[in-house]
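Inspection log for the structure reproduced underneath, given as structure tokens.
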Amino acid sequence: MEPRVSIVTLGVRDLQRSYEFYHRRLGFPTTRTPERGIIFFQTGGTCLALYPFDKLAEDVAPNFPKERGRFPGITVAHNKRTKNEVDDVRELAERAGARIEKPAQIASWGGYSGYFSDPDGYLWEVVWAEDWHFHRDGSLVIE
């Protein structure tokens with residue numbers, strides 16, 4: 001298996017509402033609309049997809065549980081090149097309707113990090129570290 005992630009799919013309760021949040025308010029690029037039944041956003045190196053939660057559970061298995069707890073056991077990270085950009089993204093997300101779960105602050109490991117949740121409760125960490133480097137496409141260099 002190649003060590004890469006092609007698509008991360010979030011199961012959402014309301015495809016239109018999530019489309020509005022990610023596309024119209026946060027500015028994620030897409031050529032899809034909710035009428036197509038699934039939304040794909042091209043992000044740096046990986047695609048983010050939105051799909052109705054119950055249909056996603058059904059796709060996994062016919063009797064797969066169709067409910068999830070407050071903490072889904074996954075976070076999505078958005079790494080920034082500067083510390084100030086962390087606050088800029090948090091402010092944009094809050095204006096877009098995100099809930100701030102943890103204000104940005106100096107992390108125990110020395111970086112600067114905070115969390116917000118999208119309309120379905122998926123957690124996004126917005127984070128910066130002084131020693132991180134990025135590829136031209138904006139993806140994080142992992143050494």
Output ³J(HN,Hα) for region 13-20: one whole-Hz value per residue in order, computed from phi by the Karplus curve 6.51 cos²θ - 1.76 cosθ + 1.60 with θ = phi - 60°, and x for Gly and Pro.
-> 6, 9, 4, 5, 4, 5, 4, 4
Which residue, Arg13, Arg70, Arg99, tops the fluctuation ranking in a GNM of the chain built on C-alpha contacts under 10 Å?
-> Arg70
So how far, in whole Å, is the C-alpha centre of region 22-67 from the one of region 88-124?
-> 21
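Calculate the dipole size of the chain relative to its Cα centre from +1 charges on Lys and Arg beta carbons and -1 charges on Asp and Glu beta carbons; express the result in debye to the nearest 20. Spell out each step's value before the answer.
Details: 19 positive and 21 negative charges, 57 e Å.
I would put it at about 280 debye.
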Would you compute, from DSSP H runs of 4+ residues alone, the mean residue ellipticity of the chain at 222 nm, taking -39500 (n - 2.57) per run and dividing by the full residue count, rounded to the nearest 500?
-> -5000 deg cm²/dmol
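Report Rg(Cα)/(2.2 N^0.38 Å) for region 1-70, keeping two decimals.
This ratio for region 1-70 stands at 1.17.
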Calculate the dipole size of region 1-68 relative to its Cα centre from +1 charges on Lys and Arg beta carbons and -1 charges on Asp and Glu beta carbons; express the result in debye to the nearest 20.
-> 220
Can you give the three extents of the C-alpha atoms in the chain along their principal axes, from longest to shortest, in whole Å?
-> 45, 36, 29
Taking only Cα atoms of region 70-143, radius of gyration then Dmax in Å | 12.3, 36
For the chain, build the charge dipole from Cβ charges (+1 Lys, Arg; -1 Asp, Glu) around the Cα centre, then report which of Tyr22, Thr46, Gly111 sits farthest towards its positive end.
-> Tyr22
Length added when fully stretched, Lys66-Gln16, from 0.36 nm per residue minus Cα-Cα | 16.1 nm
Name the residues of region 55-80 whose amide N is less than 13 Å from a point 7 angstrom out from the Cα of Glu35 along the C-beta direction?
-> none
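Coordinate-derived values only; no laboratory data. These figures come from a predicted structure and were not determined experimentally. Note: ideal-geometry Cβ built from the backbone for every residue, glycine included; neighbour counts use all protein chains shown.
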